[in-house]
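Data first, discussion second: the structure below is written as structure tokens.
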Amino acid sequence: MSGQLVREGHTGTGPGSITPDGCAVELYARLSVGDEPDVIASALPSGASVLELGCGAGRVTHPLVERGFTVTAVDESPQMLERVRGARAVLSPIEGLDLGEERFDAVVLGSFLVHTSDHRVREGLLRTCVRHVKEDGVVLIQREGADYHSDVPREREDPAAGCVIRILSADPVGDGVDEVRAEYVFEDARWTQTFRSRELSAERFEAYLAEAGLVADRSLTPDGVWVLARPDRS
Ligand SMILES: C[S@@+](CC[C@H](N)C(=O)[O-])C[C@H]1O[C@@H](n2cnc3c(N)ncnc32)[C@H](O)[C@@H]1O
């Protein structure tokens with residue numbers, strides 16, 4: 001574990017450092033990036049300033065930097081941040097982040113972090129987004145796909161990384177929250193992560209955004225996984 005912070009219900013196993021939410025640092029340094037940088041870039045003007053929340057080892061950060069965005073990358077794991085290159089790295093829990101008067105063209109809350117089981121944390125994450133986005137800026141949020149909790153077990157390959165990713169189970173632990181178990185199998189290593197995730201209907205998701213002062217504007221992907229929201233200045 002890094003620091004004293006523990007995220008209840010989150011654990012991980014395997015070689016190297018494990019973050020408070022159960023992610024393995026070396027695993028995230030190995031995994032390939034998907035369409036995230038393309039989706040994010042599609043919503044931004046060139047050269048935009050981007051605040052990336054929960055950046056991990058820079059899987060998404062690095063392609064954004066390569067595309068010419070100025071990225072401030074935030075994570076609560078120093079071991080993750082050590083892997084980040086070309087971006088300003090800020091060590092902080094997202095919900096406690098305070099960059100003073102600084103505002104960004106875009107704030108990115110990826111990796112399904114909005115599905116946290118903890119209502120206070122979710123509120124804090126979304127308020128951090130609002131606090132740091134420019135008046136005319138955008139907040140890009142990655143949601144779970146429709147069958148994320150029901151299509152289990154499932155697996156997919158990350159051929160470039162040489163990894164099989166399995167979501168083994170998603171079992172209710174009460175209050176609308178599931179305990180999700182995942183494994184990542186490489187030829188030379190295996191990691192697991194167990195974490196809590198709250199399923200969010202579109203209505204509930206939008207209600208949480210509204211509570212934080214955000215309005216969902218549109219989906220950036222046909223599956224509705226990436227949502228562009230704006231600060232509600234009305
Ligand atoms: C699943 S990893 C994904 C990392 C990166 N976004 C990616 O796609 O490769 C989640 C990361 O978010 C960080 N994280 C999760 N909750 C956080 C919080 N509340 N505050 C700061 N960092 C957090 C973890 O330390 C971890 O590095």
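Structure summary
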read-out	value
Mean Cβ count within 10 Å, highest first, over the residues of peptides 103-110, 170-177	103-110, 170-177
Region 1-140: antiparallel DSSP beta bridges as a percent of all, rounded to 5	5
For region 63-128 and region 169-198, distance of Cα centres in Å	22
Cα Rg, Dmax, the chain, angstrom units	16.8, 54
Bridge type composition, the chain - antiparallel percent by DSSP, nearest 5	65
Electrostatic dipole magnitude of the chain [Cβ: Lys, Arg +1; Asp, Glu -1; Cα centre; debye, to 20]	380
Within the accessible area of region 165-234 (1.4 Å probe), percent carbon and sulfur	44
Size of electric dipole in region 1-127: Cβ of Lys, Arg +1 and of Asp, Glu -1, about Cα centre, debye, nearest 20	180
Candidates A29, A212, A202, ranked by Gaussian network fluctuation over the chain, Cα under 10 Å, top entry	A202
Mean separation of Cα contacts under 8 Å (6+ apart) over length of region 22-82, as relative contact order %	37
Accessible-area order (highest first, 1.4 angstrom probe) of the listed residues R127, R196	R127, R196
Solvent accessible area, Å² - F112, 1.4 Å probe, full protein context	70
Cα-based shape type of region 135-199, given that a ≥ b ≥ c are square roots of the gyration tensor eigenvalues and the cut on a/c is 1.5	oblate
The chain, relative contact order [Cα under 8 Å, separation at least 6], %	18
Sequence-separation-based contact order of region 113-207, relative, with Cα cut under 8 Å and 6+ spacing, percent	22
Nitroxide proxy distance, nm - points 7 Å out along Cα→Cβ at D217 and D147	3.2
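The values are calculated or read from the model by the stated rules, or taken from the named source; none is laboratory data. Quick caveat: nothing in here was measured; it's all calculated off a predicted structure. Every residue, glycine among them, receives a Cβ derived from its backbone with ideal geometry; neighbour counts consider all protein chains shown. Heads up: the accessible areas ignore ligands, DNA and RNA and are worked out on the full protein's heavy atoms, side chains in. Shrake-Rupley method; radii C 1.70, N 1.55, O 1.52, S 1.80 Å.
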